[in-house]
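Worksheet: one structure, shown below.
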Amino acid sequence: NAGVTQTPKFQVLKTGQSMTLQCAQDMNHEYMSWYRQDPGMGLRLIHYSVGAGITDQGEVPNGYNVSRSTTEDFPLRLLSAAPSQTSVYFCASSPFGGADEQYFGPGTRLTVT
Amino acid sequence: GIQVEQSPPDLILQEGANSTLRCNFSDSVNNLQWFHQNPWGQLINLFYIPSGTKQNGRLSATTVATERYSLLYISSSQTTDSGVYFCAVEGRGRRALTFGSGTRLQVQP
């Protein structure tokens, strides 16, 4: 049982490039979400999904797309990277997302130059 | 949206000392979790505690939901306790966590 996994661990992009951050969980959790953490701050919600085929926006969704075609995977796409998207990205999952304990992946550190 | 305030923002302790971290929130919550972010950036679940008291070794937590606060107690602190402690809550009607700004703890030998 690997829990929540994220790839890559580190990534450097140039402004305007696109990429996908991968997130997978093997706990059969319905709820998955993406957060970003900027230096010296707490985490802020980007997008979340309450089940396969269902996604919704969080607090800071601009510049990011998500899809949920399977229960296990929840990729985050940066459409046209900007320096303001330099951050550490965390994926999380929980059984149902309502009043459930959430489990976090190890994070992806992204730098946009 | 719900507001989460943590105090103190920074704390320096000598090894062996005890400490109390506080989390205040502005509305009713379905969920409250405490996390430790270690110096390598990993988020470690400490407690899932929307109400009541829990203990795990040297750490314990209490949430008084009616008064909208939670406390994290660290006893006999060790250098490995260093890092940032986050409180995160899930407000009623939302299915996502709102994080506080954290308490940065440094335990000196």
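What follows draws every value from the coordinates through simple rules; no lab data is involved. For clarity, every value in this text was computed on a predicted model and none was experimentally measured. Note that we place each Cβ from the backbone using ideal geometry, even for glycine, and neighbour counts take in every protein chain shown.
Mind giving me the FRET efficiency for residue A:2 and residue B:66? R0 is 41 Å, r the Cβ-Cβ distance, nearest 0.05 is fine.
FRET efficiency, residue A:2 to residue B:66: 0.55.
So what are the ³J(HN,Hα) numbers for segment B:37-49, from phi and the Karplus equation (6.51, -1.76, 1.60; θ = phi - 60°), rounded to whole Hz, Gly and Pro as x?
Once θ is set to phi - 60°, the couplings for segment B:37-49 become 9, 7, x, 8, x, 6, 8, 10, 5, 9, 9, 9, 8 Hz.
Whole angstrom only: what separates the Cα centroid of segment A:9-46 from the Cα centroid of segment B:28-75?
So the two Cα centres are separated by 24 Å.
Size of the dipole of the protein assembly as shown about the Cα centre, Lys and Arg at +1 and Asp and Glu at -1 on the beta carbon, nothing else charged, in debye to 20?
320 debye
Hey, got a sec? Which chymotrypsin sites (Phe, Trp or Tyr not before Pro) in segment B:11-80 land in a DSSP loop and have at most 11 other Cβ atoms within 10 Å?
Answer in residue order: B:40.
Just the number, please: percent antiparallel of the DSSP beta bridges in the protein assembly as shown, rounded to the nearest 5.
90 percent
Show me, for segment B:78-83, the HN-Hα J-couplings you get by feeding each phi into the Karplus relation (A = 6.51, B = -1.76, C = 1.60, θ = phi - 60°), rounded to Hz, glycine and proline as x.
Residue by residue, segment B:78-83 yields 10, 4, 6, 7, 4, x Hz.
Could you size up the charge dipole of chain B around its Cα centre, putting +1 on the beta carbon of Lys and Arg and -1 on that of Asp and Glu, and report it in debye to the nearest 20?
With only Lys, Arg, Asp and Glu charged at Cβ, the dipole is about 260 debye.
For segment B:88-98, just list the computed ³J(HN,Hα) in residue order, Karplus coefficients 6.51, -1.76 and 1.60, θ = phi - 60°, integers in Hz, with x standing in for Gly and Pro.
Once θ is set to phi - 60°, the couplings for segment B:88-98 become 9, 10, 10, x, 5, x, 10, 10, 7, 8, 10 Hz.
Going by amide H atoms built from the backbone, whose H comes under 5 Å of the H on residue A:81, apart from near neighbours?
A:16, A:17, A:18
Considering every residue in B:86-97, what mean count of other chain Cβ atoms within 10 Å of its Cβ is obtained?
Per residue, the average neighbour count from other chains is 5.
Evaluate the charge dipole of chain A about its Cα centre and quote only its size in Debye, nearest 20, assuming +1 on the Cβ of each Lys and Arg and -1 on the Cβ of each Asp and Glu.
540 debye
Taking amide H atoms as placed 1.01 Å from N in the peptide plane, list the residues 5 or more away in sequence, or in a different chain, whose amide H sits under 5 Å from that of residue B:26.
When sequence neighbours closer than 5 places are left aside, the close amide H contacts are B:3.
Once you have a ≥ b ≥ c as the square roots of the Cα gyration tensor eigenvalues for the protein assembly as shown, tell me rounded if a/c is under 1.5, and otherwise prolate or oblate according to whether a/b is larger than b/c.
Here the protein assembly as shown falls in the prolate category.
Name the residues whose placed amide hydrogens come within less than 5 Å of the amide hydrogen of residue B:31, ignoring near sequence neighbours (fewer than 5 apart) on the same chain.
Here the answer is B:90, since their amide H atoms fall under 5 Å of that of residue B:31.
I need the peptides A:29-38, A:62-71, B:87-96 ranked by packing, meaning the mean over residues of other C-beta atoms within 10 angstrom, with the highest value on top.
A:29-38, B:87-96, A:62-71
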